[in-house]
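Accompanying notes for the structure given below.
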Amino acid sequence: MDKIKDFLKNPIGFGIVGLIVGMVIGLVALGWGLLPVKWVDAAPTDLQIDYQRDYLCMTIDSYIRNQDYQLMQLRWDGIGENADELLNTITPAVCRFTSAAEIDAFKEIVGSQVGIPEIEVEESVEEETELGYLGLEDEPIPEVKTISILPLAILILLTLVAGGILIFLMIRRNKGESGGRKIKAPKFVIPKNDDEKVKQKKEKSGKDSPLAQFMTTYRQGDDLYDDSFSIDSVNGEFLGECGVGIAETIGVGDPKKVTALEVWLFDKNDIQTVTKVLMSEHANNDSALRQRLLSKGEPILIEPGMRFLMETESLQLEANVIDMVYARGPLPENSYFSRLTLEVSVWPK
């Protein structure tokens, strides 16, 4: 430790340490802050299956409203080879349609050989960018933006200036310690903070406003899904935590097939964490799987629109299923989730 102190007292050594620290901070700030990698203009074929389904829903809605055959065909072709298979998975609940009439009409037109007129594909159309899938083929292609070196130059300049100031101060300090003129550091008066507490009023809406309210969404492909939220009082005091994560998967391969999720509530005034396991229809009907999930918490069958409560010594959690979609695949029907959105609210008891 003494050797390190002696090294830092040396202006050259202190400058070297400052230079290394400045370079590390500069690279982190430049690589992750100022100029991060950004992916844009992805084609529909490059999207995840859930986003392709949403894109197809918007295509159907646009066609039903505008009756633009050419634009619809461009978007339909942009989905790729699995467009027919994807169309068969579309339901009014997925697209948030009031009925299946729009989907049935779109299927009839797509499946008909005379419903959509032939479109002559010119060379310019074949060379379109992904913007054509969005119906923006008439818009000019934006110019490629070059990365400016100005932020890097400013960062290097600031590092050099800071290093020079530190070296100068170290030299002055060493001269003062060896008999030179000593410089007293100026004294700054720090104002005292007021200790008055600010009272927060509770909004009234039939009952007191919740201490915390969160919205969390699981999507297939998010294999590390694990959301957790802190629960604090109106005065900022920590009361506990709650969260949602993956409880059980089935099948093999990526992405994971999640057949059950867990919702947990931790109360600092309670010795036990309360957990509910949200099971798919398949997991609920499988007695062996249901028995295995029983060791993780209270298993319940999850359904769209349902609400459930969880209580601890001093907290009460209410969860509302906003959206739920089962995935389709080689596994049994309604066995794993494609998307699940929960609204979580926590009140004091």
### Query
Can you name the condition, by its number, that TYR63 falls short on among (1) modelled with pLDDT of 80 or more; (2) open to solvent by 60 Å² or more (accessible area, probe 1.4 Å)?
(2)
#### Entry: Residues of the stretch 205-222 satisfying the condition of being in contact with a Lys or Arg (Cβ under 8 Å, 6 or more places away or on another chain) and open to solvent by less than 40 Å² (accessible area, probe 1.4 Å)
SER209, TYR218, GLN220
### Of all residues in the stretch 256-294 being part of a loop (DSSP other than H, G, I, E, B) and open to solvent by 50 Å² or more (accessible area, probe 1.4 Å), the one that is nearest to GLY240 (Cα to Cα)
LYS268
### Query
Mind checking which residues of the stretch 295-333 are open to solvent by 40 Å² or more (accessible area, probe 1.4 Å) and within 17 Å of ASN285 (Cβ to Cβ)?
LEU301, GLU303, TYR326, LEU331, PRO332, GLU333
### Task
Please find, within the stretch 316-349, the residue that is modelled with the lowest pLDDT out of those that are in a loop (DSSP other than H, G, I, E, B) and closer than 17 Å to ALA260 by Cβ.
GLY329
#### Entry: Counted residues, the stretch 72-85 - those being in contact with a helix residue (DSSP H, G or I) (Cβ under 6 Å, 6 or more places away or on another chain) and surrounded by fewer than 17 Cβ atoms within 10 Å (Cβ to Cβ)
1
### Query
Restricting attention to the stretch 41-60, does a residue exist that is modelled with pLDDT under 80, among the aliphatic types (A, V, I, L, M), under 32 Å from the mean Cα position of the chain (by Cα) and under 24 Å from LEU160 (Cβ atoms)?
no
### Task
Go through the stretch 237-284 and count every residue that is touching a helix residue (DSSP H, G or I) at 6+ places or on another chain (Cβ under 6 Å) and closer than 25 Å to LEU211 by Cβ.
1
### Message
Could you check the stretch 223-254 and list, in sequence order, the residues that are in a loop (DSSP other than H, G, I, E, B), open to solvent by 50 Å² or more (accessible area, probe 1.4 Å), in contact (Cβ under 8 Å) with a residue 12 or more places away in the chain and under 30 Å from PRO330 (Cβ atoms)?
### Response
GLY251, ASP254
### Task
Note down all Cβ pairs under 7 Å where the first residue falls in the stretch 321-349 and is more than 22 Å from LEU265 (Cβ to Cβ), the second is among the β-branched types (Val, Ile, Thr) and assigned to a loop (DSSP other than H, G, I, E, B), and they're at least six residues apart or on different chains.
ARG328/THR89
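The values are calculated or read from the model by the stated rules, or taken from the named source; none is laboratory data. Source: prediction; values computed, not measured. Because the Cβ atoms are built from the backbone with ideal geometry, glycine has one as well, and the counts that use them run over all protein chains shown. These accessible areas exclude ligands, DNA and RNA; they are computed on the full protein's heavy atoms, side chains included. Shrake-Rupley method; radii C 1.70, N 1.55, O 1.52, S 1.80 Å.
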